[in-house]
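Everything below concerns the one structure shown next.
The values are calculated or read from the model by the stated rules, or taken from the named source; none is laboratory data. From a predicted model like this one, the values you see are computed outputs, not experimental measurements. Note that we place each Cβ from the backbone using ideal geometry, even for glycine, and neighbour counts take in every protein chain shown.
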Amino acid sequence: MSVLQPKMSAPKSSKSRSPGELFPIRTVSSLTGVNVITLRAWERRYGLIKPVRTATGHRLYRREDIDRIHSAVALLDKGVAISQVKNSLDHATPRTAPRTVSPWARYQARMVAAIARFDEDDLEDAYNDALALHTIEQVTQGLLIPLLQELGRRWESREGSVAEEHFFGVYLRNKLGARFHHRARSSMGARLLAACLPGEQHEVGLLLFALAAHDSGLRPVLLGANMPLVELAAPVKRADCHAIVLSGSLTPEPQVLREELPDLVAAAGVPVFVGGMTSVRERDAIVSAGAIPLGNDLAAGVKRIRSTLTSSHVRK
C-alpha cells in the first residue's frame with residue numbers, strides 16, 4: 001500500500017499539503033494494526049516512540065513515528081523481544097557510521113534526471129541496472145515507491161511538473177502491467193476485487209498493491225481507475241471475491257465517503273478496505289462508513305487484509 005497509492009498529481013489544497021502532518025493515536029492504531037493500549041505502553045515502558053503532546057495532553061504522531069512502529073512490528077514478527085526492539089531500531093544504522101550514498105539514492109538520482117529530460121532510454125537503463133543487482137521486491141520498496149514520493153515532493157515544491165509525474169506514471173504503469181499480466185497463476189488464496197476510488201485516475205498504486213498481494217498468496221481481480229462504487233457489489237459476487245480493496249491518493253467528492261461507501265459496505269457482503277493517502281486523511285469517514293482503512297504502506301496493508309480475512313473466517 002507508499003503505503004497502497006503513491007502520491008501523484010493532485011489539487012493543491014491546504015488540507016493535503018502539510019509536510020509536518022500529525023496523526024492522532026486512533027489513526028496510528030488503525031494504520032499499523034497496533035492497539036492504542038499497546039502504543040501507550042511502548043511509549044511509557046520502553047521509550048520506543050515519542051509522540052508530540054498537545055496542550056491538553058493528547059498524543060500526536062509524525063510519519064516517522066508510524067514508520068518506526070511498522071519496523072517494530074516487523075522485528076516482533078521475527079521473534080525479537082519487545083525489550084530489545086528499541087535497541088535494534090536505534091542501531092539499525094549506526095550513528096557513527098560514515099555517510100555514504102546508498103545505491104537506491106544513486107538509482108533515484110539517475111531516474112529523476114532522466115524523467116526531467118523526458119528521456120525514456122536513460123530511464124530504462126537506470127531501471128534495468130537496478131533490476132540486474134536486486135530483486136524486483138527490493139527495487140519496488142527501495143526505489144520505485146520512494147521515487148514516486150520524490151516526484152510528488154518535486155511537484156509540490158515546484159521543482160518538477162505534472163508532466164514529469166505523468167511521463168513516469170505511464171512508463172511505470174506499462175512496466176507494472178506487464179509484470180501483473182505475466183505473473184504466475186495460482187488457484188489458492190482469497191480473491192480480492194481491487195479498484196481505484198471514483199475520481200482517482202492513477203493506477204500505479206493499485207498495481208503495486210496487486211503485485212504485493214499476489215506475492216503474499218492473494219488473488220487480486222483488477223478493475224482499474226475511477227471505478228463507480230455502485231458498480232462493485234455485482235462483480236464481487238460473480239467473481240466470488242472475499243474482499244474489496246479501494247485505492248486512492250486524492251480526497252474524493254464528499255458523497256463518495258458519506259453515501260456511496262456505506263452503501264457498498266452494506267451491499268457487498270464482504271470486508272471493504274481503503275488504502276493509500278485517502279485512507280490516512282479520511283480515516284474517520286472510512287471507519288464511519290464501515291470500511292477498513294489500510295494506510296499507505298503496501299506490506300502492512302496486505303498483512304492487515306490477510307489478518308482480517310483470517311479472523312473473519314473468510315474462505316481462502
Problem set entry | Top-ranked residue of the range 269-299 - restricted to ones that are in a helix (DSSP H, G or I) and in contact with a strand residue (DSSP E or B) (Cβ under 7 Å, 6 or more places away or on another chain), ranked as modelled with the lowest pLDDT | Leu298
Exercise. Limited to the range 170-196, what total is found for residues that are of a type in the set (Gly, Ala, Ser) and either in contact with a strand residue (DSSP E or B) (Cβ under 6 Å, 6 or more places away or on another chain) or crowded, with 20+ Cβ neighbours inside 10 Å (or both)?
Worked result: 4
For this session: Quick one: Val101 ticks every box in (1) aliphatic (A, V, I, L, M); (2) surrounded by fewer than 10 Cβ atoms within 10 Å (Cβ to Cβ); (3) modelled with pLDDT of 90 or more except a single one, so which number is it?
Result: (3)
Exercise. In this structure, does Gly199 turn out to be crowded, with 17+ Cβ neighbours inside 10 Å, over 17 Å from the mean Cα position of the chain (by Cα), in a loop (DSSP other than H, G, I, E, B) and not polar (S, T, N, Q)?
Worked result: no
Exercise. Among the residues of the range 42-67, how many are assigned to a helix (DSSP H, G or I) and loosely packed, with under 14 Cβ neighbours inside 10 Å?
Worked result: 2
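Here is a list: Asp215, Asp240. Which entry is within 18 Å of Ile145 (Cα to Cα) and among the charged types (D, E, K, R)?
Of Asp215, Asp240, the one residue that is within 18 Å of Ile145 (Cα to Cα) and among the charged types (D, E, K, R) is Asp215.
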Exercise. Can you find even one residue in the range 89-98 that is touching a helix residue (DSSP H, G or I) at 6+ places or on another chain (Cβ under 7 Å) and modelled with pLDDT under 85?
Worked result: yes
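Say we look at the range 249-268 and pick out the residues that are farther than 16 Å from Leu232 by Cα and surrounded by 19 or more Cβ atoms within 10 Å (Cβ to Cβ); which of these is modelled with the lowest pLDDT?
Going residue by residue through the range 249-268, those that are farther than 16 Å from Leu232 by Cα are 249-255, 258.
Right, trim to surrounded by 19 or more Cβ atoms within 10 Å (Cβ to Cβ) and you get 249-252.
Details: Ser249: 82, Leu250: 79, Thr251: 83, Pro252: 88.
Selected residue: Leu250.
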For this session: Only one of these is in contact with a Lys or Arg (Cβ under 6 Å, 6 or more places away or on another chain) and on the phi > 0 side of the Ramachandran plot: Gly199, Gly189. Name it.
Result: Gly189
Exercise. Any residue in the range 271-279 that is among the hydroxyl-bearing types (Ser, Thr, Tyr) and closer than 29 Å to Phe167 by Cβ?
Worked result: yes
Exercise. For the range 145-169, which residues satisfy the criterion of being aliphatic (A, V, I, L, M) and touching a Lys or Arg at 6+ places or on another chain (Cβ under 9 Å)?
Worked result: Leu148, Leu151
Problem set entry | the range 25-49 residues that are at positive phi, paired with ones that are in a helix (DSSP H, G or I) and modelled with pLDDT of 80 or more (beta carbon under 8 Å, 6 or more apart) | Gly33/Val73; Gly33/Ala300; Gly33/Lys303; Gly33/Arg304; Gly33/Ser307; Gly47/Lys86
Seminar exercise, completed: In the set Arg62, Arg110, the lone residue that is outside the structural domain of Phe209 (by TED's automatic domain parsing), modelled with pLDDT of 75 or more, within 30 Å of Thr251 (Cα to Cα) and basic (Lys, Arg) is Arg62
